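What follows is one structure encoded as structure tokens, with my remarks underneath.
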Amino acid sequence: MRKRQVDEKELDCDLIFLVVTLSLLSLGAIMVYSASFCVSREISNSGAYYMVRHLIHLSIGIGIMFSLMQLDYRKLNSKTLAYLAVLAGFTSLFLCFIPGIGVRGGNARRWISIMGFTFQSSELMKIVLILFISHFLARKSKSIGKFSVGVLPILIITGTAAIFIFLEPDFGTAALLLIWAMTMLFIAGMRWKHLFLIGSGSLPIVVLMLLSAPYRRNRLTAFLDPWSHIQNTGYQIVHSMLAFAKGGLLGVGLGEGTQKLFYLPAPHTDFIFSVIGEELGLLGVLVVIALFCIWIWRAFFIALATKDSFGFYLVIASCTFIGLQAIINMGVTMSILPTTGMALPFFSYGGSAMLMVSVASGIILSVSRRSRI
């Protein structure tokens, strides 16, 4: 009888977290269809071109999520696995620069194509870093106050990954990695002195990176005064703001938005939140933000419920990564932050991005199940 009760408990997970995750994925699929319809018609004779591909990504992602939920996350707590994952992550970043393997999109090399499969290397590296840093902090939590032992190895691994990604170039994701790593170290108990020294030392480097390319300088100028640059670098942010303005309180209606009609660049990827603002209005925007807040809240609840430090850091790493990325994407579309190409988790079209949120959600659900036994 006791064994049967344990087995029943093993089937449990945090239902609120699961329902919110599926809600975000479902709403994301609806918005991808609406945002991509005209673009799909332009590149094919069907308005469902991107939607069909997104549903394939979504099906695979949900399968991965439920598979990871069944896995005992503690099996991932292996030094060998962590370092092999880091090696695989750096290999994928390096392959972006190899002709014939690296795939160019615009002026960037962010994807690799192997045996017909194309994916974004930085998304794989996010998963790798979640695994590595969670394993490292679980082992070195008592040494986090020692810079050379508890802090420096994470800075080296994350900083090297950020340099590779910056050279693709992808300044936004590189900056996200560094901000996230500092957040994880802070949560782990890094000394304030080390935090201040790293922050003050890295600020000039970040500014130099930001100003090193003309297009990044132009984006910063456009962010400060987008209406003065509406014909060039301010174009996308102006139309993003117009989308929110047109949406008002209740929106113009699902599928009725006009800014996605070749005004907003990448309406189904980087600027899908603008489409939400126009079609679903302030109410829809608040619902999406609320879903993200609940998702993060339940993830923190799951982290605090587990007594295993590795499980704790896995959940915290996963939810802070997705939370920070969502904040940056929303901030860009609402002109709170300078423009940078970054997907909105659960919503933006893209198989690699879907893989990342699926793995992160599956890991959190796995920890959730074991913390309830």
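All of the numbers you see were taken from the coordinates with simple rules; none came from a lab. Model, not experiment: these values are computed from the prediction. Quick reminder, even Gly has a Cβ in these numbers, built from the backbone with ideal geometry, and neighbours come from all protein chains shown.
The local environment of G102, defined by Cβ-Cβ distances under 11 Å, has a net charge of +2 under the rule Lys, Arg +1 and Asp, Glu -1.
Counting only DSSP beta bridges whose two residues both lie in the chain, roughly 90 percent are antiparallel. Between the listed residues F273, F292, I127, the Cα displaced farthest toward the positive end of the dipole of the chain, a dipole computed from Cβ unit charges relative to the Cα centre, is found at I127. Converting phi to 3J(HN,Hα) with the Karplus coefficients 6.51, -1.76 and 1.60 and the offset θ = phi - 60°, the range 224-233 yields 6, 8, x, 5, 7, 10, 5, 7, 9, 5 Hz in sequence order, with x at every glycine or proline. For I272, neighbours were defined as the other residues whose beta-carbon sits under 14 Å from its Cβ, and their charges (Lys and Arg +1, Asp and Glu -1) total -2.
With 27 Å as the limit, the listed pairs K126/K246; K126/K146; K79/K142; K126/K260; K75/K193 have K126/K246; K126/K260; K75/K193 beyond it between alpha carbons. Mean residue ellipticity, 222 nm, helices only, the chain: the sum of -39500 (n - 2.57) across DSSP H runs of n ≥ 4, divided by residue count and rounded to 500, is -23500 deg cm²/dmol. Distances between placed amide hydrogens fall under 5 Å for G341 paired with G172, all partners being 5 or more residues away or on another chain. Result for the chain in a Gaussian network model with C-alpha springs under 10 Å: among Y349, Y73, Y49, the largest mean-square fluctuation is at Y49.
Distant-in-sequence amide contacts of Y349, defined by a placed amide H-H separation under 5 Å and a gap of 5 or more residues or a different chain, comprise T269. Using the Karplus relation 6.51 cos²θ - 1.76 cosθ + 1.60 with θ = phi - 60°, the per-residue 3J(HN,Hα) values for the range 74-89 come to 5, 5, 7, 7, 10, 4, 4, 4, 4, 6, 5, 5, 4, 4, 5, x Hz, with x marking Gly and Pro. When the charge dipole of the chain is built from unit charges on Cβ atoms (+1 for Lys and Arg, -1 for Asp and Glu) and taken about the Cα centre, the candidate among F321, V86, V103 whose Cα reaches farthest toward its positive end is V86. Lys and Arg at +1, Asp and Glu at -1: add these up for the other residues within a Cβ distance under 11 Å of L254 and post the number. Its environment carries a net charge of -3. What the phi angles of the range 296-306 give under the Karplus curve with 6.51, -1.76 and 1.60, with θ = phi - 60°, is a coupling list of 5, 4, 5, 5, 5, 4, 5, 4, 6, 7, 8 Hz, glycine and proline written as x. Taken about its Cα centre, the chain carries a charge dipole of roughly 1300 debye when the Cβ of each Lys and Arg holds +1 and the Cβ of each Asp and Glu holds -1.
Could you tell me the distance between the Cα centroids of the range 302-357 and the range 111-161, to the nearest Å? That distance is 15 Å.
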